[in-house]
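Notes follow once the structure below has been shown.
The values are calculated or read from the model by the stated rules, or taken from the named source; none is laboratory data. None of the values given here were measured: they were computed from a predicted structure. Ideal geometry is used to build each Cβ from the backbone, glycine not excepted, and the neighbour counts take in all protein chains shown.
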Amino acid sequence: MHVVVCVKQIPDPAEPGKLEGDLTLDRSGKLILDESDSYGVEMALQLVDKAGGGEVTLVSMAPNNENSGLRTALAMGAAKAILISDPALSGAGALDTAKVLAAAIKSAEPDLVLAATESSDGYTGTVPEQIAALLGLPSITFAKEVHIEGQSVNVRRQTEAGYDEVTCPLPAVVSVTAGVVEPRYPSFKGIMAAKSKPVEEQTVAGLGLDPAGVGSAGAGQEIVAVEDAPVRNAGEIIVDEGEAFTNIVSFLDGLKVI
Amino acid sequence: MALKSIWVYAEATNGNVTPLSLELLAKARTLGGAVEVVYAGADADSLASELGAHGAAKIHSTGDLAASLPGVPVASAIAKAVADGHGPDLIMFGTTYDGRDIAARLSVALDQPVITNNTDIELDGDVVVVTEPIFGGMKLVKTKFTAAGPHIALFRPKSFVAEEAGGAPAEVVALEVTDPGAAKVTNRHVEEATGPKLDEAAIVVSGGRGLGEKDNYELIETLAKLLKAAPGASRAIVDAGWVPYSYQVGQTGKVVKPTVYIAAGISGATQHLVGMKGAKNIIAINKDPEAPIFSVADLGIVGDVHKVLPKLIEALQAR
């Protein structure tokens, strides 16, 4: 069982986000493994274990050959990684990102592709499905549970009302929700082993794609302005000395909701 | 010049058009041109008068998709209409599970960008410009479509106000599905929910990691019941498995705009603020005075939820 996991390396969400001069997200600092992707990595490791053999390959796109987030996922147990780094990718939209990832995934010939439902910085939430469409594969999004049975993948897919049981033939693309499994912490041994695991660096041209067709050049969209949102003024702050609940009661009273 | 034609992907639950679909229709009407609906389901005819009243002239209906996930079949149907020369200039989707799937598949089929998470759309002459909040809603990014189209855009719930326009029932026309897709639903499960719905309740009481442990979520449920409110949750405690995903308020969960939002033990991560900043009144209880939630709170209580909530519950019970 060969599973590819799409992982994104993102600026630390705990730090305030910054924009570059061209209004794209500033990714120049240290990038970390998007926490949302740790669920896909864990799921992949568990599925390979259950299948009794195979391996997990990571595919990531990041500026400046950044790989510290990849090392985290390799330390969890992934076997190797493909990293696409190319200045041509600056300003890439979701579709261009999907084209690049799909080209890299194709070369890895997986049985299953896993991804998070969306990244924690861009929140586009369309890339897994776009990858599936580009590769001509079936897909199931928003998986809460993933099981492999013979040549099929069976998924519990989140819905507005509850969940659906969905099945499709392999190979397939599945996007997993946070909480689908409990991601393991990399062990010391894992961290040491990750340092020598192969990270194949690729460029857009190396994947057989036209650099003029991806990145801001091919995006079909252009940011025209970034404005400050109307500020919501902070109100009254009270330090509780045992009676602050009365402030809440009178606040609710004032609104006539109790 | 206005857009010639706009298609809105409409969804329905239990035979009723979803509020989000009606919100999109209300906005689409302000952009000029013909407003039409794409619908995937067996019951297009029974929705024709409601969709017509909200401004849709036509329903492009794929009919029953049987057990197929909608992503592949609906995208294939829209793509065929575009290839045949009778597609729209703009297709609007709500940010829903199926809406995202279809829009993503469609963007590949048409080789067009898809812009997601929008809260507004406007025309600058012929150019379509959409607005997306970033950094937890601190900044608004305006992006224009530069290719010829059709443009594909997804919108967050409650970005617009639904309003009837008093139109005649919409005409139902067939939209041909060329690929049913290989993913099949074998079973559907509905999780029973009691009390008001999270995204429709006038009051929402949400709990977060500050509650300490799963059992303490009972405080949130008790308070919610007293206030006839819907209980909600931060992503942290949903991920931790304390409550189901359907409770989650935030970027990845529900967007709520209640009259009162009470955040208990929630620090106010960007991901959460996006989902509740639109509340008319926000009350926050958190022991960390530096918690970002206080920057949006109308009433902020710096204190321990384990002490404040029981007293609040007792006071409300005594009334």
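Annotations
- Pair list, Cβ under 7 Å, 6 or more apart: region B:138-165 residue assigned by TED's automatic domain parsing to the domain that holds residue B:254 and over 20 Å from residue A:94 (Cα atoms), other residue surrounded by fewer than 17 Cβ atoms within 10 Å (Cβ to Cβ) and modelled with pLDDT of 95 or more: none
- Of all the listed residues (B:229, B:240), the sole one being more than 25 Å from residue A:12 (Cβ to Cβ) and free of Cβ contacts under 8 Å to residues at least 60 places away in the same chain is B:229.
Residues checked against (1) buried (at least 23 other Cβ atoms within 10 Å of the Cβ); (2) over 22 Å from residue B:213 (Cα atoms); (3) of a type outside the set (D, E, K, R):
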site	(1), (2), (3)
B:239	no, no, no
B:263	yes, no, yes
B:275	yes, yes, yes
B:289	no, no, yes
B:292	no, no, yes
B:295	no, yes, yes
B:305	yes, no, yes
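- Failed condition for residue A:96, given (1) without any contact (Cβ under 8 Å) to a residue 40 or more places away in the chain; (2) closer than 29 Å to residue B:100 by Cα; (3) in contact with a helix residue (DSSP H, G or I) (Cβ under 7 Å, 6 or more places away or on another chain): (1)
- Strands (runs of 3 or more DSSP E) wholly inside region B:120-162 containing at least 1 residues that are of a type in the set (Ser, Thr, Tyr): B:127-134, B:139-145
- Identity of the residue in region A:5-30, under 13 Å from the mean Cα position of the chain (by Cα) and assigned to a strand (DSSP E or B), that ends up surrounded by the fewest Cβ atoms within 10 Å (Cβ to Cβ): A:11
- When the strands (runs of 3 or more DSSP E) confined to region A:78-154 are screened for residues that are surrounded by fewer than 24 Cβ atoms within 10 Å (Cβ to Cβ), those reaching at least 2 such residues are found at A:80-84, A:139-149.
- The single condition from (1) out of contact with any Cys (no Cβ under 9 Å at 6 or more places or on another chain); (2) surrounded by 21 or more Cβ atoms within 10 Å (Cβ to Cβ) that residue B:196 fails is (2).
- Residues within region A:212-245 that are without any contact (Cβ under 8 Å) to a residue 60 or more places away in the chain, over 13 Å from residue B:298 (Cα atoms) and in contact with a helix residue (DSSP H, G or I) (Cβ under 7 Å, 6 or more places away or on another chain), tallied: 4
- Screening residue B:74 with (1) in contact with a helix residue (DSSP H, G or I) (Cβ under 8 Å, 6 or more places away or on another chain); (2) within 21 Å of residue B:128 (Cα to Cα) gives one miss only, at (2).
- Whichever residue in region A:159-182 is more than 8 Å from chain B (Cβ to nearest Cβ) and of a type outside the set (A, V, I, L, M, F, W, C) and, among such residues, is surrounded by the fewest Cβ atoms within 10 Å (Cβ to Cβ): A:182
- Looking at A:140, A:148, A:131, just one residue is under 19 Å from residue B:66 (Cβ atoms), touching a Leu at 6+ places or on another chain (Cβ under 9 Å) and at pLDDT 95 or above, and that residue is A:140.
Matching residues to (1) at positive phi; (2) assigned to a strand (DSSP E or B); (3) aromatic (Phe, Trp, Tyr):
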site: B:6; (1), (2), (3): no, yes, no
site: B:9; (1), (2), (3): no, yes, yes
site: B:20; (1), (2), (3): no, no, no
site: B:23; (1), (2), (3): no, no, no
site: B:28; (1), (2), (3): no, no, no
site: B:31; (1), (2), (3): no, no, no
site: B:38; (1), (2), (3): no, yes, no
site: B:45; (1), (2), (3): no, no, no
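- Within region B:79-118, tally of residues that are within 10 Å of chain A (Cβ to nearest Cβ), part of a loop (DSSP other than H, G, I, E, B) and without any contact (Cβ under 8 Å) to a residue 40 or more places away in the chain: 2
- Counted residues, region A:213-222 - those being facing chain B (nearest Cβ under 7 Å) and out of contact with any Asp or Glu (no Cβ under 8 Å at 6 or more places or on another chain): 3
- Single residue of region A:209-235 satisfying the filter (more than 18 Å from residue A:99 (Cβ to Cβ) and of a type in the set (A, V, I, L, M, F, W, C)) that is modelled with the lowest pLDDT: A:234
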